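Heads up, the thing below is written out as structure tokens.
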Ligand SMILES: C[S@@+](CC[C@H](N)C(=O)[O-])C[C@H]1O[C@@H](n2cnc3c(N)ncnc32)[C@H](O)[C@@H]1O
């Protein structure tokens, strides 16, 4: 299915058509959870495309993971469906020559909470296989493409710097025709938009004016 043909439905997705997991922690920890208006767009995409292999880069406390999992469970019956979610047990600081590790008050609790929530989600994942990979996004890409024949949808919600985003996606190698990527936190007019536009010449692109912006791409 072409994203272009259903784009208006994704753009117009309404929060009222979805239910959202509660925020698992209060805002004293890093308030990094995706908000419902952004998740609704992803939910609509999942309902329309029913992708078999989904990758979330940036789990945080697994609110988005739970939302995506619940949507995938609705169409998973009878076919192989896998949800990978990827994060690290520290706050990664992106540096030109690699990542540095930092922590902030409360962040350990966030990681502990994430692990516990993933454990619980795995138990009730039903027909969907949920796999948590505790690594940097660009280290997880090569692992994922080794175990699945193709990746259909990547929700990139990890480090939002353009160069890091590119490294993360390139780590998946050649993505197949029809593959969709949703980059969270891409505001219109931001240089990232031009940068990705130049790098993704074989892809159709769509920009969403949600609270923090989303850039959607589909491989032609
Ligand atoms: C905005 S939060 C993710 C929110 C989550 N997707 C949700 O829907 O609630 C960003 C997460 O990305 C993680 N992250 C940042 N850079 C990363 C990287 N290079 N590899 C893996 N995870 C990364 C952070 O540790 C943080 O937990």
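No lab work stands behind these numbers, since they all come straight from the coordinates. Fair warning: this is a prediction, and the values are worked out from it, not measured in the lab. Cβ coordinates were reconstructed from backbone atoms using ideal geometry, including for glycine residues, and neighbour counts include every protein chain displayed.
Screening the candidates 206, 183, 107, 155 for the property of being within 15 Å of the chain's Cα centre (by Cα) and touching a residue at least 40 places away in the same chain (Cβ under 8 Å) yields one hit, 155.
Of all residues in the stretch 38-72, how many are in a loop (DSSP other than H, G, I, E, B), within 14 Å of the ligand (Cβ to nearest atom) and surrounded by fewer than 24 Cβ atoms within 10 Å (Cβ to Cβ)? Can you show your working first?
So in the stretch 38-72, the residues in a loop (DSSP other than H, G, I, E, B) come out as 50-52, 58-62.
Keeping just the survivors that are within 14 Å of the ligand (Cβ to nearest atom) gives 58-62.
Subsequent filtering for residues that are surrounded by fewer than 24 Cβ atoms within 10 Å (Cβ to Cβ) retains 58.
Total meeting the criteria: 1.
In the list 35, 14, which residue meets the criterion of being surrounded by fewer than 23 Cβ atoms within 10 Å (Cβ to Cβ), more than 19 Å from residue 131 (Cβ to Cβ) and within 12 Å of the ligand (Cβ to nearest atom)?
Numbers: 14 fails: within 12 Å of the ligand (Cβ to nearest atom).
After ruling out the rest, the residue left standing is 35.
Annotation: residue 121 fulfils all but one of (1) within 16 Å of the ligand (Cβ to nearest atom); (2) within 16 Å of the chain's Cα centre (by Cα); (3) surrounded by 15 or more Cβ atoms within 10 Å (Cβ to Cβ); the unmet one is (2). Condition test on residue 84, is it surrounded by 15 or more Cβ atoms within 10 Å (Cβ to Cβ), in contact (Cβ under 8 Å) with a residue 60 or more places away in the chain and more than 19 Å from the chain's Cα centre (by Cα)? Spelling it out, it is not the case that residue 84 is surrounded by 15 or more Cβ atoms within 10 Å (Cβ to Cβ), in contact (Cβ under 8 Å) with a residue 60 or more places away in the chain and more than 19 Å from the chain's Cα centre (by Cα).
Which condition number in (1) surrounded by fewer than 17 Cβ atoms within 10 Å (Cβ to Cβ); (2) at positive phi; (3) within 16 Å of the ligand (Cβ to nearest atom) is the one that residue 78 fails? Evaluating residue 78 over (1) surrounded by fewer than 17 Cβ atoms within 10 Å (Cβ to Cβ); (2) at positive phi; (3) within 16 Å of the ligand (Cβ to nearest atom) leaves (3) as the failure. From the residues in the stretch 1-11 that are touching a residue at least 12 places away in the same chain (Cβ under 8 Å) and over 24 Å from residue 170 (Cα atoms), which one is nearest to the ligand (Cβ to nearest atom)? Ranking the candidates gives 10 first.
Does residue 21 satisfy the condition of being within 27 Å of residue 207 (Cβ to Cβ) and either more than 12 Å from the ligand (Cβ to nearest atom) or touching a strand residue (DSSP E or B) at 6+ places or on another chain (Cβ under 9 Å) (or both)? Explain how you work it out, then say what you get.
Working: within 27 Å of residue 207 (Cβ to Cβ): yes; either more than 12 Å from the ligand (Cβ to nearest atom) or touching a strand residue (DSSP E or B) at 6+ places or on another chain (Cβ under 9 Å) (or both): no.
Taking the combined requirement at face value, the residue does not satisfy it.
Condition first: within 18 Å of residue 67 (Cβ to Cβ), away from the ligand (no atom under 11 Å from the Cβ) and out of contact with any strand residue (DSSP E or B) (no Cβ under 9 Å at 6 or more places or on another chain). Can you find one or more residues in the stretch 124-132 that meet it? Within the stretch 124-132 (the criterion being within 18 Å of residue 67 (Cβ to Cβ), away from the ligand (no atom under 11 Å from the Cβ) and out of contact with any strand residue (DSSP E or B) (no Cβ under 9 Å at 6 or more places or on another chain)), the answer is yes, since at least one residue qualifies.
Go through the stretch 73-83 and give me each residue that's in a loop (DSSP other than H, G, I, E, B) and touching a strand residue (DSSP E or B) at 6+ places or on another chain (Cβ under 6 Å). First the steps, then the outcome.
Of the stretch 73-83, the ones in a loop (DSSP other than H, G, I, E, B) are 76-80.
Within the stretch 73-83, 76 is the sole residue that qualifies.
Screening the stretch 102-217 for helices (runs of 4 or more DSSP H) wholly inside it with 2 or more residues that are within 14 Å of residue 54 (Cα to Cα) returns the ranges 137-147.
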